[in-house]
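**Q** Once you've had a glance at the structure underneath, I'll fire off some questions.
The values are calculated or read from the model by the stated rules, or taken from the named source; none is laboratory data. The structure presented is a predicted model; accordingly, all values stated were derived computationally and were not measured. Note: ideal-geometry Cβ built from the backbone for every residue, glycine included; neighbour counts use all protein chains shown. To get the accessible areas, we keep the full protein, side chains included, count just its heavy atoms, and leave off ligands, DNA and RNA. Shrake-Rupley method; radii C 1.70, N 1.55, O 1.52, S 1.80 Å.
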Amino acid sequence: MMRMADVAAALRDGAARLAPVTDAARLEAEWLMAHALGCSRSDLLLRHMADAAPDSFDALVTRRAGGEPLAHVTGGTEFYGLPLRVTPDVLVPRSDTELLIELAQEARANTAPQRVLDCGTGSGALLLAALSVWPEARGIGIERSLAAIEVARVNMAALQMQNRAEIMEGDWTQTGWADALGRFDLILANPPYIATADPDLAADVAASDPHQALFAGDDGLDDYRLLVPAMPTLLAKGGVALFEIGSRQAEAVIELAQTAGLRARAHKDLAHRPRAVAMWSAI
C-alpha cells in the first residue's frame with residue numbers, strides 16, 4: 001500500500017482511482033477522506049489539506065473503486081438535510097426521493113399534518129424527514145424487513161424523534177395489514193417499482209441494494225396494486241398520499257388510484273421525468 005504524503009495528494013490520487021466508477025470522483029474522495037479523518041467535508045477543505053493522510057483512506061477508496069456504494073463504505077448518508085445510518089439491509093436514500101417531501105409541503109401548505117405514515121420505511125428517511133418539517137406531527141413507519149427496522153430505529157433515536165415516531169413491522173402482501181393503523185393526513189411511499197428484467201437498472205444498484213426493496217414483478221407494479229387500493233381507508237379527510245414511481249409508470253399508477261375512487265396527478269422531477277403520483281379523496 002502506497003503511503004500518501006499529505007491529504008491534498010491523497011485526494012488527487014483517490015479521485016483518479018474513483019473516476020472509472022463515478023462522475024463525482026473528486027467529491028466522493030473528499031467524503032471518504034472526511035470520514036477517515038472524522039471531520040466534516042468543509043472542515044477537511046479548510047483545515048486539513050496539509051495534514052498527513054490517514055492510512056485508512058486507501059482502504060476506503062479501494063472499496064468504493066470496487067463498486068461498493070459510497071453510503072455503505074461510510075456507513076451513512078444525508079437525506080433532506082438529515083444524517084442517516086445506512087447498511088446493505090436498506091435502500092440507500094436518493095435525492096430524487098426528496099421530491100416527495102417537497103410535494104408534501106406544497107400539499108399541506110395551509111394545514112400541517114398531524115399523523116404521517118411511511119409505507120416501506122427502510123432507513124426511516126421519508127418519515128423522519130417529514131417529522132423534521134412538521135415538529136408537531138407524529139408518524140408511523142412500517143417495514144417488513146426486521147434488519148431494516150433496526151436501522152430505522154437507530155436513525156430515529158439519533159435524531160431524537162423516538163417520542164414522535166414509531167417503526168413497526170408491517171407487510172402489505174399480508175391480508176389485513178392496514179386494519180389497525182388508523183387514518184393519516186399524509187402518506188408517503190417509495191415501494192419497490194423496478195421490473196424484474198429491467199435492462200436499464202444500474203449494475204451497482206442491483207448488486208448493492210436489497211432486492212425486496214427494488215423489484216416488483218414483471219412490470220414493476222405489483223406493490224402499487226396492493227398499496228393503492230388501501231389508500232381510501234388510510235387517508236384522513238383532506239389527506240394526501242404521495243408515491244414515488246418509475247419514469248414510465250405514471251399512467252398505470254394513476255389508473256390504479258382512480259379505480260380505487262381517488263383523484264390522482266403525476267409530478268415530474270428536475271430532469272422533467274415523471275417521478276411521483278399524488279392521490280387524494282375524490283369526495
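**Q** Going toward the positive end of the dipole of the chain, with +1 on Lys and Arg Cβ and -1 on Asp and Glu Cβ, which of PRO69, MET156, ALA36 do you reach last?
**A** Looking along the dipole axis, the top candidate is MET156.
**Q** May I pose another question? Arranged from highest to lowest average of other beta-carbon atoms within 10 Å per residue, in what order do the peptides 112-119, 272-279, 158-165 appear?
**A** The most tightly packed comes first, giving 112-119, 272-279, 158-165.
**Q** For the chain, what is the percent of antiparallel DSSP beta bridges, rounded to the nearest 5?
**A** Once the DSSP bridges in the chain are tallied, antiparallel ones form about 45 percent.
**Q** Round to the nearest 10 and report in Å² the accessible area of ARG183, as given by a 1.4 Å probe over the protein chains' heavy atoms.
**A** Accessible area of ARG183: about 120 Å².
**Q** Between ALA282 and GLU136, what length in nm is gained on full extension when 0.36 nm per residue of separation is reduced by their alpha carbon distance?
**A** 49.8 nm
**Q** With +1 on the Cβ of every Lys and Arg and -1 on the Cβ of every Asp and Glu, and nothing else charged, how large is the dipole of region 13-172 about its Cα centre, in debye rounded to the nearest 20?
**A** Details: 14 positive and 22 negative charges, 47 e Å.
Computed about the Cα centre, the dipole is about 220 debye.
**Q** Given a Förster distance of 41 Å, report the FRET efficiency between GLN162 and THR111 from their Cβ-Cβ distance, rounded to the nearest 0.05.
**A** 0.95
**Q** Using Cα centres only, tell me the gap between region 117-148 and region 1-74 in whole Å.
**A** After rounding, the separation between the Cα centres reads 31 Å.
**Q** Also, I was wondering about something else. Identify which of GLY246, GLY66, GLY76 has the largest mean-square fluctuation in a Gaussian network model of the chain, with springs joining Cα atoms closer than 10 Å.
**A** GLY66
**Q** Grab the Cα-Cα distance for ALA8 and ARG144, subtract it from 0.36 nm times how many residues apart they are, and report the gain in nm with one decimal. Don't skip to the end; give the middle numbers.
**A** On the way: separation 136, 0.36 × 136 = 48.96 nm, distance 4.43 nm.
Extra length available between ALA8 and ARG144 comes to 44.5 nm.
**Q** Another question about this same structure. With +1 assigned to the C-beta of every Lys and Arg and -1 to the C-beta of every Asp and Glu, and no other charges, what is the dipole magnitude of the chain about the Cα centre in debye, to the nearest 20?
**A** I would put it at about 640 debye.
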